[in-house]
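One structure is given here, and the rest of the page talks about it.
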Amino acid sequence: MESSQCASTALERLPFNNTALKKLPVDDSDEPGSRTVPAACFSRIRALQPVVRPIFVALSQSALALLDLTVQDVLCNPLAPEYLSGSRQLPGSEPAAHCYCGHQFGLFAGQLGDGAAMYLGEVESGTHGRWEIQVKGAGVTPYSRDGDGRKVLRSSIREFLCSEAMAALGIPSTRAASLVTSDLYVSRDPLNSGRRVPERCSVVLRLAPSFIRFGSFEIFLGCDDFSGLQGPSAGRHDIRAHLLDYVIETFYPCIQQTYSNRKDRNMAFFREVMMRTAKLVAQWQCVGFCHGVLNTDNMSILGLTLDYGPFGFMDRFDPDFVCNASDRRGRYSYQAQPSVCRWNLARLAEALGSELDAAQAGAVLDEFTPTYEAFYLSIMRKKLGLVRKEEAEDSELISDLLRLMHDTGADFTNTFRLLSRVPWPEETEGHCERATVEPVVDLILEQCASIEELKHFGEKAFQDNIELAMILSMAQTNPVMFGVVANTPGVSQQLERMGRLKELLGTDQDELQKKQRDDWIRWVSRYRRRLAGECDDTGDLSLIKKERLGVMNSTNPRVILRNYIAQNAIQAAEKGDFSEVNRVLKVLQKPYSDSTGLEALNGPNDEVTVLYDRKPPAWAQTICIT
């Protein structure tokens, strides 16, 4: 009896300390509704806005463990759905909303802030350190603008699953401990079609050491020349210094202890943020993850993946992959992510202003691209099992692989996983190279797109490409100007794409299959020659082979959160069946596992049945997620 009682109250005994509210300026106003909040980093939330009949959709044991909680601790408390939906105040919590600004799609947007998220406080775990707890979708805050502060089931499922999937992949991320839905409904237009439907309000409990972001420092910016907007605390350099001190002292204690000179300390901090950001985006690129909304308000000051909106993992490899339907110019495409992160770091440097030495900050920014490339190349070598040596040819080997994957429509995740099956080169093979590599090439080709799919993708990209349409119009109306710009990198790349599409449209299936097979055999043969260079006369070949497979299979995930997998779970949950969300969560938490117990997923109307780690069916690749 005593044990059961302890379990039922563990949630209510979380050791809150709420350091951020103690150390940073807090707005205590009782004024209702959205408003500008000057001279404060947080605003207190005086009245909670309960949802109706909250129930759990899913719980993450690994995320709850960060708070020294178990799933049983939560489920044993009958009030837990209310606590974890922001409907009832947890003992010791102090509800508040964080104030920040941001550059959105390159333009300064002024005050933004937590419009749908509510800070509950910080919990000091004896085992896992301090964690800030936040509920997302709990109602209106001073920063909600015209919004209702609510999130719906489909977006909450996507955030919950992807937060935990990223953590399992070893990529720094905010965490999701619970997902609650309710019988409170809001009106939404899920397909952006002009047709609004009622959707269930749902709340995700998010965890992070801190949710402070680049935009947290932009509240001090003065009037922007283009937008005419300014931060709500413009010119308050005293508060900016206070916030910077808090961030460095709390989350970068080694830097705080190492540097006695303030400017030196701040530069060390900025360099560390640059390093973490470069490593994070390299990790995204190496699993084919596209964030979708890399505004400065979605960039973590700790180098975490933050705010899962219209994200997406690539299926077939496409450097122009865009997962955000509103990003029509591809600002946040897959291949643009590294440069966008550098741009955002430049905005952070501007926001920090006199706290940094401008020349030194510029030098740190110049370090970003080579730092990113070094992280990226290091991970890519592991994905190819090149663990003993670093050769100059490796970069070209990788870029040629990606180009081949793009040209053949190869599935990004599955292709890398299959490369571990490429046989190690043996001296006794003689001249039978082609016969040796054909079995694995056949497996790779199964993951590639058909000629019909490639034509469809190419034509759609051509139709959607505003820049290419402008180039072709210029070629017809102003050939002199076209001749001037045709050899610039951006234009020549677009023309190359058009050339590939034209060639593709003139190719039949048999020709394409033969060309794809020959191209893959050539690349795999080249890869095997590079593998042979991993071993020298002093190395134990059996050990090197084992190490190669171990590194590849622990770097190349077998499963990722594909859009159609999330969509299937959402469709089931919207009908009241939460089991699919929990099955998907269980699989995603072991992304590198080779276990054979992966459940099957059904396509629309049960017409297509696929495994989690199979190439997605054609219908799945057309789903638009917002």
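Residues of the stretch 341-356 that are touching a residue at least 40 places away in the same chain (Cβ under 8 Å) and open to solvent by less than 60 Å² (accessible area, probe 1.4 Å): C341, N344, L345, R347, L348, A349, A351, L352, G353, E355, L356. Candidates Y612, Y527: the one that is crowded, with 18+ Cβ neighbours inside 10 Å, of a type in the set (S, T, Y) and modelled with pLDDT under 95 is Y612.
Within the stretch 260-282, residues that are at pLDDT 95 or above sit with their Cβ atoms under 7 Å from residues that are outside any helix (DSSP H, G or I) and open to solvent by 20 Å² or more (accessible area, probe 1.4 Å), at 6+ positions apart or across chains, in these pairs: K263/D357; R265/Y259; M267/D357; A268/Y259; L280/P172.
Of the set (1) surrounded by fewer than 21 Cβ atoms within 10 Å (Cβ to Cβ); (2) not in a helix (DSSP H, G or I), all apply to T371 but (2). All of (1) of a type in the set (A, V, I, L, M, F, W, C); (2) part of a helix (DSSP H, G or I); (3) open to solvent by 10 Å² or more (accessible area, probe 1.4 Å); (4) in contact with a strand residue (DSSP E or B) (Cβ under 9 Å, 6 or more places away or on another chain) hold for L229 with one exception: (2).
Taken together, R236, R158, R175, R188 contain a single residue that is under 17 Å from the mean Cα position of the chain (by Cα) and open to solvent by 30 Å² or more (accessible area, probe 1.4 Å), which is R175. Looking across I565, I544, I560, one residue alone is in a loop (DSSP other than H, G, I, E, B), hydrophobic (A, V, I, L, M, F, W, C) and open to solvent by less than 60 Å² (accessible area, probe 1.4 Å). It is I560. Go through the stretch 277-323 residue by residue and tally those that are within 17 Å of M166 (Cα to Cα), of a type in the set (K, R) and over 14 Å from the mean Cα position of the chain (by Cα). Qualifying residue count, the stretch 277-323: 0.
Filtered by the rule that a residue be open to solvent by 20 Å² or more (accessible area, probe 1.4 Å) and in a loop (DSSP other than H, G, I, E, B), the stretch 384-412 gives V387, R388, K389, E390, E391, A392, E393.
Residues that are part of a loop (DSSP other than H, G, I, E, B) and of a type in the set (K, R) were ranked within the stretch 12-64; the one that is most open to solvent (accessible area, probe 1.4 Å) is R53. Pairs meeting the criteria (first residue in the stretch 371-399 and touching a residue at least 60 places away in the same chain (Cβ under 8 Å), second residue acidic (D, E) and open to solvent by less than 30 Å² (accessible area, probe 1.4 Å), beta carbons under 9 Å, at least 6 apart or on different chains) are M380/D394; L384/D394; G385/E534; L386/D394; L386/E534; V387/E534; R388/E534; K389/E534. Within the stretch 413-444, the set of residues being under 17 Å from R558 (Cα atoms) and either assigned to a helix (DSSP H, G or I) or among the polar types (S, T, N, Q) (or both) comprises T413, N414, T415, F416, R417, L418, L419, S420, R421, V440, L443, I444. Taking the stretch 81-138 and the strands (runs of 3 or more DSSP E) fully enclosed by it, the elements with 3 or more residues that are under 30 Å from C223 (Cβ atoms) and open to solvent by 10 Å² or more (accessible area, probe 1.4 Å) are at 107-111. Can you name every residue in the stretch 516-562 that is among the hydroxyl-bearing types (S, T, Y) and under 18 Å from V441 (Cα atoms)? The answer is S525, Y527. Consider A363 carefully, then state whether it is open to solvent by 20 Å² or more (accessible area, probe 1.4 Å) and without any contact (Cβ under 8 Å) to a residue 40 or more places away in the chain. Spelling it out, A363 is indeed open to solvent by 20 Å² or more (accessible area, probe 1.4 Å) and without any contact (Cβ under 8 Å) to a residue 40 or more places away in the chain.
Among the residues of the stretch 141-152, some residue qualifies, meaning at least one is in a strand (DSSP E or B) and open to solvent by less than 10 Å² (accessible area, probe 1.4 Å).
The values are calculated or read from the model by the stated rules, or taken from the named source; none is laboratory data. Small disclaimer: the values here were computed from a predicted structure and weren't measured. Cβ sites come from the backbone with ideal geometry, for glycine too, and all protein chains shown count toward neighbours. Quick note on the areas: whole protein, heavy atoms, side chains included, nothing else; ligands and nucleic acids left out. Shrake-Rupley method; radii C 1.70, N 1.55, O 1.52, S 1.80 Å.
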